[in-house]
1. Tell me whether the range 5-16 contains one or more residues that are crowded, with 18+ Cβ neighbours inside 10 Å, in contact with a Pro (Cβ under 8 Å, 6 or more places away or on another chain) and of a type outside the set (Lys, Arg).
2. State which residue pairs qualify: first residue part of a helix (DSSP H, G or I) and inside the range 108-127, second residue open to solvent by less than 70 Å² (accessible area, probe 1.4 Å) and polar (S, T, N, Q) in any location, beta carbons under 6 Å apart, and separation of 6 or more residues or different chains.
3. Could you check, for the range 86-107, whether at least one of its residues is in contact with a strand residue (DSSP E or B) (Cβ under 9 Å, 6 or more places away or on another chain), among the basic types (Lys, Arg) and not in a strand (DSSP E or B)?
4. If a residue has to be small (Gly, Ala, Ser) and farther than 17 Å from Asp57 by Cβ to count, how many in the range 74-109 make the cut?
5. If I ask for residues that are among the β-branched types (Val, Ile, Thr) and crowded, with 19+ Cβ neighbours inside 10 Å, which ones from the range 107-120 would you list?
6. For Gly74, work out the one condition from (1) of a type in the set (Gly, Ala, Ser); (2) open to solvent by 60 Å² or more (accessible area, probe 1.4 Å); (3) at pLDDT 90 or above it doesn't fulfil.
Amino acid sequence: MATQTPIPIIHTYKEVNTGKYKSVKHFEIAEVENSTPPLSKLLNISKNRNCALSMPDYWLKIRQANKWSKCITGLFKTDFKNIYKGDVNKKQHLLIFKFNDTDTLTVYYFKNYYTQDFSKVLPFINQ
């Protein structure tokens, strides 16, 4: 039986402190569609420093209280320009990251859904 792809929770973030850090970008939430945000209001995306065997291009941290969490997920390249994928809770939730322009990030959070087949989630990203 085929699993239906759920409608993602869409987070739109704007970069804050543009250009302040060389290897880290901070984003603040601007808008959430389809639910309350399961991610934090602030995101920290840093370049990979080759410390993990999985070798993502970037790492995601969220803001918890007044400090940054440990890495939540790695952002891995896809076949599509400026689109990366990750997961939360050991592949329980799929995250798709779309860097729209120099200062905007859209995160598609597929709750309780994970797939390696990118064609199932692509219609949501190309809207």
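1. Yes, because at least one residue in the range 5-16 is crowded, with 18+ Cβ neighbours inside 10 Å, in contact with a Pro (Cβ under 8 Å, 6 or more places away or on another chain) and of a type outside the set (Lys, Arg).
2. Close Cβ pairs (under 6 Å, with a partner that is open to solvent by less than 70 Å² (accessible area, probe 1.4 Å) and polar (S, T, N, Q)) amount to Lys120/Thr5.
3. The answer is no, given that none of the residues of the range 86-107 is in contact with a strand residue (DSSP E or B) (Cβ under 9 Å, 6 or more places away or on another chain), among the basic types (Lys, Arg) and not in a strand (DSSP E or B).
4. Residues meeting the conditions: 0.
5. The one that is among the β-branched types (Val, Ile, Thr) and crowded, with 19+ Cβ neighbours inside 10 Å: Val107.
6. Of everything listed in (1) of a type in the set (Gly, Ala, Ser); (2) open to solvent by 60 Å² or more (accessible area, probe 1.4 Å); (3) at pLDDT 90 or above, Gly74 misses just condition (2).
The values are calculated or read from the model by the stated rules, or taken from the named source; none is laboratory data. What you are looking at is a predicted structure, and each value in this text was computed from that prediction instead of being measured. All Cβ positions, even for glycine, are placed from backbone atoms using ideal geometry, and neighbour counts span all protein chains on display. For accessibility, only protein heavy atoms count, side chains too; no ligands or nucleic acids. Shrake-Rupley method; radii C 1.70, N 1.55, O 1.52, S 1.80 Å.
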